[in-house]
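What follows is one structure encoded as structure tokens, with my remarks underneath.
Throughout, read-outs are computed from the coordinates displayed, never taken from laboratory work. This structure is a prediction, so every number in the text was calculated from the model and none was measured. Reconstructed Cβ throughout: ideal geometry from the backbone, glycine too, with neighbour counts over all protein chains shown.
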Amino acid sequence: MNLLSAKNLSHTFEYELFCDVSLSLGTKESIAIIGMSGSGKSTLLHLLSTLLTPQKGSIALFGQDTSSMSKKELSLIKRNKLGIVFQSHYLFKGFSAYENLEVAEILSQKTIEPTLVKNLAIEQCMHQKVTELSGGQQQRVSIARVLTKKPSIIFADEPTGNLDNQTATEVMKLFFDYCEQNSAGMILVTHDNDLAHMCKRVYKLENRELKQIK
Ligand SMILES: Nc1ncnc2c1ncn2[C@@H]1O[C@H](COP(=O)(O)OP(=O)(O)OP(=O)(O)O)[C@@H](O)[C@H]1O
Ligand SMILES: [Mg+2]
């Protein structure tokens, strides 16, 4: 069974961003989406992660069409099975890094894994306020927060945009290991070609089309 299967998605804001986009994601698979700024990558990710409702086309999650799900079903899936790492990370600003992870623990009723914190190299900043962290540290805390939920699908929008090459590669490896160990899948949006090609398949959003290039 596919984790996610999207068929013939089209989306228009001021103008048509893309049309007839189809995509599917299986367990232990990773997909990268690249494309110019403004081509609609984040919008596509928002559709796939059910933050936006499709104007045209359909999305099935875990074999069930999202249009047939009740609001409650959809919000439970969103809370328990989807992990979304946003382009601008939304951490709770008045809280410490640790308190941000605690929120994820409480909402998902899972425990923070010390190895996750260690692998993301954020042990030192756990008790600092979010506003005192560097952009890259905040990015890694938001990744830890998402993985604490143990999602089945990770949607990551430029999750390594604030990181140096070495740290970015390590974070990518962490995502891949996570998917392998938890039979999860990942859809990654990035501007970085090298990181994109670490994924099993690569697509490019261009001229309103999603083309597979790997
Ligand atoms: N909520 C919205 N209302 C109206 N227009 C929007 C909305 N969200 C995005 N857009 C427009 O849709 C286009 C695509 O935006 P999107 O954020 O999907 O691009 P992107 O490929 O992720 O770009 P970037 O690489 O810069 O992050 C842009 O022209 C943007 O202004
Ligand atoms: Mg974007």
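Structure notes:
- Positive dipole terminus of the chain, leading residue within VAL189, THR12, GLY161 (C-beta point charges): THR12
- Within the chain, longest stretch free of exposed GluC sites (Glu not before Pro) [DSSP loop, at most 15 other beta carbons within 10 Å]: 15-122
- Each Lys and Arg Cβ is given +1 and each Asp and Glu Cβ -1; about its Cα centre, the chain then shows a dipole of about 520 debye.
- Straight-distance candidates among the lysines for linking to LYS110, with alpha-carbon spacing under 16 Å and chain neighbours fewer than 8 residues away dropped: LYS78, LYS81, LYS149, LYS150.
- Highest-fluctuation residue, GLN181, GLN138, GLN87 considered, GNM on the chain with Cα pairs under 10 Å: GLN181
- Calculated P(r) tail over 17 Å for the stretch 76-214, as whole % of Cα pairs: 59 percent
- Rounded to 5, the percent of DSSP beta bridges in the chain classed as antiparallel: 50 percent
- Rounded to 0.05, the FRET efficiency of the LYS28 and SER75 pair, given R0 = 30 Å and the Cβ-Cβ distance, is 0.70.
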